[in-house]
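Participant: One structure, as structure tokens, below. Some questions next.
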Amino acid sequence: MLLKLPDILTADELRAVRALLDAAAWDDGRSTAGEQAAAVKRNQQLPPQDEAARQARALVLRALDRSALLFSAALPRRVLPPMFNRYAGASNRYGDHVDQAIRQLGDGGERLRTDLSCTLFLSAPDDYDGGELVIREPGGEQRHKLPAGHLLLYPSTSVHRVEPVTRGARLAAVFWIESMVRSAEQRQLLFELDLNVVKLREQQGESDVAVGLTATYHNLLRMWATA
């Protein structure tokens, strides 16, 4: 599943996050990459313990919590808190790579399986040249450069890259989701069913058909989910 989610951040939230990031001190992004990714990663990243990163992370997580569409599509069990990256100058690209299958949650040793990857764009497309997120799909590569505050959700199994930024700076938050439903096919079916139940309710209210399909949705979720 590859899904664009508009306006995850409000205009006020976006300004607040940008103010924090614009005043922050950036580190080499290779510090959090795996062996294969580190060989092709050339960007900057905020240290997770940085105060600006903590404040921005809390703001983004609150925004994610209110997105019904993100919940329906991803069915999150656990979310790796967002990391913030910057592409500009000599640190301007991230070559072809696949995200690590397992990532560590904080310093406690708990681990998370990465089912879905998320990029929350924080720079307006006109603010920089290049910087497209390119994702390999069975039908060919797809290039994405979304408005600031919009989010792209895509399978963590996908090979992807960030094209070189040749003007300006590209800021983004990236994070990973472990879903309650491990199977991508089952998640897709549940998402499509949920969207259609919502449309049916809008048209017919709580009809017998809507109630019956809602029951089917929750019974499938009960069957497939690990909470």
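Participant: So Lys41 passes all but one of these: (1) at pLDDT 95 or above; (2) closer than 22 Å to Asp127 by Cα. Which condition number does it fail?
Facilitator: Result: Lys41 passes all but (1).
Participant: In the set Arg136, Arg143, Arg182, Arg161, which member is touching a strand residue (DSSP E or B) at 6+ places or on another chain (Cβ under 6 Å), more than 22 Å from Pro48 (Cβ to Cβ) and surrounded by fewer than 16 Cβ atoms within 10 Å (Cβ to Cβ)?
Facilitator: Arg143
Participant: Here's another thing I want to ask about it. Output the qualifying pairs, or none if there are none: Cβ atoms under 7 angstrom, residues six or more apart or on different chains, first residue in the stretch 66-89 and within 18 Å of Ala172 (Cβ to Cβ), second residue open to solvent by 10 Å² or more (accessible area, probe 1.4 Å) and among the aromatic types (Phe, Trp, Tyr).
Facilitator: As it stands, the answer is Leu80/Trp176; Arg86/Trp26, since those pairs meet every condition given.
Participant: Just checking, does the stretch 91-105 include any residue being β-branched (Val, Ile, Thr) and in a loop (DSSP other than H, G, I, E, B)?
Facilitator: yes
Participant: Sticking with this structure for a sec: Please verify whether Gly89 is open to solvent by less than 70 Å² (accessible area, probe 1.4 Å) and either of a type in the set (Phe, Trp, Tyr) or closer than 25 Å to Arg136 by Cα (or both), treating the condition exactly as stated.
Facilitator: No.
Participant: The conditions are (1) part of a helix (DSSP H, G or I); (2) buried (at least 18 other Cβ atoms within 10 Å of the Cβ), and Asp126 fails exactly one of them. Which is it?
Facilitator: (2)
Participant: Can you tell me which residue among Leu146, Leu171 is more than 12 Å from the chain's Cα centre (by Cα), among the hydrophobic types (A, V, I, L, M, F, W, C) and farther than 23 Å from Ala74 by Cα?
Facilitator: Only one candidate passes the filter, namely Leu171.
Participant: If I ask for residues that are part of a helix (DSSP H, G or I), at pLDDT 90 or above, out of contact with any strand residue (DSSP E or B) (no Cβ under 9 Å at 6 or more places or on another chain) and surrounded by fewer than 18 Cβ atoms within 10 Å (Cβ to Cβ), which ones from the stretch 1-38 would you list?
Facilitator: Scanning the stretch 1-38 gives Ala11, Asp12, Glu13, Arg15, Ala16, Ala19.
Participant: Restricting to the stretch 182-227, count the residues that are of a type in the set (Asp, Glu) and farther than 20 Å from Leu153 by Cα.
Facilitator: Summing the residues that are of a type in the set (Asp, Glu) and farther than 20 Å from Leu153 by Cα in the stretch 182-227 gives 3.
Participant: Which one is most open to solvent (accessible area, probe 1.4 Å) among residues in the stretch 188-225 that are in a helix (DSSP H, G or I) and polar (S, T, N, Q)?
Facilitator: Only one residue tops the list, namely Gln203.
Participant: Further question: Kindly indicate whether Thr114 is touching a residue at least 24 places away in the same chain (Cβ under 8 Å), surrounded by fewer than 16 Cβ atoms within 10 Å (Cβ to Cβ) and under 18 Å from Ala173 (Cβ atoms).
Facilitator: When the stated conditions are applied, Thr114 does not pass them.
Participant: Conditions first: (1) touching a residue at least 24 places away in the same chain (Cβ under 8 Å); (2) not in a strand (DSSP E or B); (3) not charged (D, E, K, R). Gly108 passes all but one, so which condition is the exception?
Facilitator: (1)
Participant: Quick one: which residue in Leu75, Leu133 is at pLDDT 95 or above and farther than 18 Å from Ala38 by Cα?
Facilitator: Leu75 is the lone residue from the list that is at pLDDT 95 or above and farther than 18 Å from Ala38 by Cα.
Participant: If you take the residues of the stretch 129-163 that are assigned to a loop (DSSP other than H, G, I, E, B) and small (Gly, Ala, Ser), which of them is nearest to Ile102 (Cα to Cα)?
Facilitator: Ser156
Participant: Now for a separate question. Among the listed residues Thr166, Thr119, which satisfies the condition of being surrounded by 20 or more Cβ atoms within 10 Å (Cβ to Cβ) and outside any loop (DSSP other than H, G, I, E, B)?
Facilitator: Only one candidate qualifies: Thr119.
Participant: Let me ask something else about it. Just one of (1) in contact with a Ser or Thr (Cβ under 7 Å, 6 or more places away or on another chain); (2) more than 23 Å from Leu3 (Cα to Cα); (3) not aliphatic (A, V, I, L, M) trips up Gly89, so point out which.
Facilitator: If we test Gly89 against (1) in contact with a Ser or Thr (Cβ under 7 Å, 6 or more places away or on another chain); (2) more than 23 Å from Leu3 (Cα to Cα); (3) not aliphatic (A, V, I, L, M), just (1) comes out false.
The values are calculated or read from the model by the stated rules, or taken from the named source; none is laboratory data. Predicted model only: the values in this text are computed from it and were never measured. Positions of Cβ are generated from backbone atoms using ideal geometry, with glycine treated the same way; all protein chains shown enter the neighbour counts. Side chains are part of the model used for accessible areas, which takes the heavy atoms of the whole protein and leaves out ligands, DNA and RNA. Shrake-Rupley method; radii C 1.70, N 1.55, O 1.52, S 1.80 Å.
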